[in-house]
Amino acid sequence: MKKIFTHFAVFYLAIFCTSVISAQQISDQCGFNHAIDYQNSIYSNYKQQVNALYNNLLEKANLNAEITKKGGVVYTIPVVFHVVWNSASPNQNLADSVLFEQINVLNEDFSRTNADTSNLRPAFFPIAGRPDIQFQLACKDTNGNMTNGIVRIETDSSFGGGGIPDMASIAGIQNTNQGGSDAWNTDEYLNIWIGDINSGSSPSLLGIATPPVGLPNWPSGSVPAELTDGVIIHYSAFGRNNPNTIPGIDVNGRTVTHEVGHYLGVRHTAENTFGGLLGSICGDDDGLNDTPTCDQSQQGCDLTRNSCNDTIGTIGDLPDMVENYMDYSDQTCQNSFTNGQVSIMRDVVVNHRAGLLTSPGLDCPTGIKFNDFADNFEVYPNPSNGIVNIKSYSGIKFNVTVYNSIGQTIESNLNGNQIMLPQKGVYFIKISSDKETVVKKIVNH
Ligand SMILES: [Zn+2]
């Protein structure tokens, strides 16, 4: 793996000396390799530690037969979303529904229940894996208080810039004192920051993730401009019902799937070849036996390409797997991880990010998940006898409007936790935050 990183110097040289910068910007949507390089500039042994751990993970993953289905016990990871939006651009303040939908995408992709798995070409069926990893918005914060797992910060700061990612500036989104939002305990929560990481420019960098490093996480703020462990996503590249768009890119939530893949230890299918700027490098893949080798990160969705010769178990050679989440292919082309990738991710969860599995973020009231706005609230008793209570598990601010069975407004703009219903019958209680609304039906006896 060492040779991978010697390519960086060549890469920067290439980008300055050629006229392919616009093409490069498209291929450079993921800042994973930049993040590793940047961290290494602060912690001199960082890259070495990351690679040592990766080689260890790889060895274990490859020791198992390539074509063995992994998965099994479902691991659940608590997530906190930090929505850091600029005062001048309220569209960056994504609605809860966009956040919930991203959780849904992750849960589908990491359980292989995404509808587009049916697009996977049959040749890859033997190597396609099911991670059996699930995600839910944290129910409790680091102080043990109930939460909905969403932090919203309005800021005047800007982060990053065009061209080569400015990691020191982007790291500001992870720090309250720089106009961003401080991480929750990175051992216990998957922190995902969402904001403008291209400083108002058309987004070239869509996401960044830090890899498992095999070292304790550094204390927050110990070095001002370090990247904190977690994932950072451009606000336009998030979710699949996002009203913001990116020219030329059909966003369907796979930016986050890809970056969470990195966070859980997996690498690009063609590692560090930077869209072919360095020519064909078949040996420069992710090192996994079952992930088909390809000479460069793919753009588009070319199903005819077979750039490198594979020796995958009894299968032998396979085409380039543009369906892989860890490729650079179109998001709408991606639908699968391989068994080897699954093996690495599950190994990382259990052995290197185990704090996630015992996090207070998973300590939820029975049956409650905050992946849906409606689940934030309990309206009781139902049926009622004239008095209805509304309980918000997450402490989210809300207003209440009460309608009768024919839709007439009985009460509006209530903000208390108790409602008096005037007579017997069916009522509809509308609970609204500034972003979301849910209606609950109540029968009054
Ligand atoms: Zn990547």
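Rule-based calculations on the coordinates, nothing more; no lab input. Remember, it's a predicted structure, so these values are computed and weren't measured experimentally. Don't worry about glycine lacking a Cβ; one is built from the backbone with ideal geometry, like all the others, and counts go over all protein chains shown.
In what sequence, highest mean first, do 140-149, 41-50 appear when ranked by Cβ atoms within 10 angstrom? Walk me through the intermediate numbers first.
Numbers: 140-149: 17.4, 41-50: 15.9.
So the order, starting with the most tightly packed, is 140-149, 41-50.
How much length, in nm to one decimal, is gained on full extension between Asp434 and Val74, taken as 0.36 nm per residue of separation minus their Cα-Cα distance?
Details: separation 360, 0.36 × 360 = 129.60 nm, distance 3.42 nm.
Separation in residues times 0.36 nm, less the Cα-Cα distance, equals 126.2 nm.
Run the numbers for Asn351 and Asn404: contour at 0.36 nm per residue of separation, minus the present Cα-Cα distance, in nm. Can you show the working numbers first?
Working: separation 53, 0.36 × 53 = 19.08 nm, distance 5.43 nm.
Working it through step by step, the gained length comes to 13.7 nm.
Checking the a/c ratio against 1.5 first, then a/b against b/c, what shape does the Cα gyration tensor give for the range 373-444?
Working: a/c = 1.85, a/b = 1.45, b/c = 1.27.
Because a/c hits 1.5 or more and a/b exceeds b/c, the range 373-444 counts as prolate.
Just rank Met321, Met167, fewest to most, by other beta-carbon atoms within 10 angstrom. Kindly include the intermediate steps, with their values, before the conclusion.
Values: Met321 28, Met167 23.
Lowest to highest Cβ neighbour count: Met167, Met321.
Using each residue's phi in the range 113-127, evaluate 6.51 cos²θ - 1.76 cosθ + 1.60 at θ = phi - 60° and report the 3J(HN,Hα) Karplus result to the nearest Hz, with x for Gly and Pro.
For the range 113-127, the Karplus curve yields 10, 5, 4, 7, 4, 5, 7, 5, 5, x, 4, 8, 3, x, 9 Hz.
If I model a spin label as a point 7 Å beyond the Cα along the Cα-Cβ vector, how far apart are those points for Asn241 and Thr113 in nm?
1.7 nm
Report the full-extension gain for the segment Lys424 to Ser44: residue separation times 0.36 nm, less the Cα-Cα distance, to one decimal in nm.
Values: separation 380, 0.36 × 380 = 136.80 nm, distance 7.11 nm.
Between Lys424 and Ser44, full extension yields an extra 129.7 nm.
Can you list the aspartates and glutamates whose alpha carbon sits under 20 Å from that of Lys424, skipping same-chain ones fewer than 8 residues off?
Correct list for Lys424: Glu411.
Could you list which residues have their amide H under 5 Å from that of Leu137, counting only those 5 or more apart in sequence or on another chain, with H placed in the peptide plane?
Sorted by chain and number, the residues that satisfy this are Val79, Phe370, Asn371.
Quick one: which residues, 5 or more positions from Trp193 or on another chain, have an amide H under 5 Å from its amide H? H modelled 1.01 Å from N in the peptide plane, none for Pro or chain starts.
Counting only residues 5 or more places away or on other chains, the set is His82, Val231, Ile232, Ile233.
What net charge do the residues around Cys294 carry, taking every other residue with its C-beta under 9 Å from that of Cys294, with Lys and Arg at +1 and Asp and Glu at -1? Walk me through the intermediate numbers first.
On the way: positive: Arg305; negative: Asp285, Asp295, Asp320, Asp327.
Neighbourhood net charge equals -3.
For Thr76, what residues show an amide H to amide H distance below 5 Å, using hydrogens built from the backbone and excluding near sequence neighbours?
The answer is Gln134.
Return the subset of Lys397/Lys441; Lys140/Lys440; Lys391/Lys440; Lys140/Lys430 for which the Cα-Cα distance in this structure is over 18 Å, preserving the input order. Numbers along the way, then the final one.
On the way: Lys397/Lys441 20 Å; Lys140/Lys440 24 Å; Lys391/Lys440 13 Å; Lys140/Lys430 25 Å.
The pairs that break the limit, which is 18 Å between Cα atoms, are Lys397/Lys441; Lys140/Lys440; Lys140/Lys430.
Given a Förster distance of 56 Å, report the FRET efficiency between Phe125 and Lys391 from their Cβ-Cβ distance, rounded to the nearest 0.05. It would help to have the intermediate numbers written out before the result.
Working: r = 47 Å, r/R0 = 0.84.
It comes out at approximately 0.75.
Give me the net charge for the shell around Asp229: Cβ to Cβ below 15 angstrom, other residues only, Lys and Arg +1, Asp and Glu -1. Don't skip to the answer; put the middle values down first.
On the way: positive: Arg353; negative: Asp182, Asp187, Glu188, Glu226, Glu259.
Once positives and negatives cancel, what remains is -4.
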